[in-house]
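Beneath this line is the structure, given in structure tokens, with notes to follow.
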Amino acid sequence: MKARLKFDATDSTVRLINKLSQAAGLPTTTFNAKASSSFVAMSNIENFNNAAKAYGVPTTALFQTPDLYEGRKGPLLNVINCLNQLGFVVCIFYPYDFSFLRLNAGVTV
């Protein structure tokens, strides 16, 4: 019998999007910490998707709830793609200047 992976990532994913939403001045989403049933955990994942869409992640980059909840390798790539797109959106909201890295590159040589 194959052991199924049990993901407790729902709390951390919703906390992530809440921190990003607060920083951008967007409303935060509600979630139930320590989801006791699969329905509550799937609801948390759906709340993350809704908040990510409101934050600016394209609809085509969002994943379906079972992709994260079931934890199978193939569909989990959709979750990684969504987090990657979320990273791109964050870079648009908060551009980072890397010029100091180039200026100080020769200091340690």
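Observations on the model:
- Pairs, first among the basic types (Lys, Arg) in region 17-32, second at pLDDT 80 or above, C-beta under 9 Å, six or more apart: Lys19/Thr28
- Per-region count, region 18-63, residues in a helix (DSSP H, G or I) and farther than 16 Å from Val90 by Cβ: 14
- Whenever a residue of region 64-90 is without any contact (Cβ under 8 Å) to a residue 24 or more places away in the chain and in a helix (DSSP H, G or I), its partners that are of a type in the set (S, T, N, Q) and surrounded by 17 or more Cβ atoms within 10 Å (Cβ to Cβ), lying with C-beta atoms within less than 8 angstrom and at least six residues away or across chains, give the pairs Thr65/Asn49.
The values are calculated or read from the model by the stated rules, or taken from the named source; none is laboratory data. These numbers were taken from a predicted model, which means no experiment stands behind them. Note: ideal-geometry Cβ built from the backbone for every residue, glycine included; neighbour counts use all protein chains shown.
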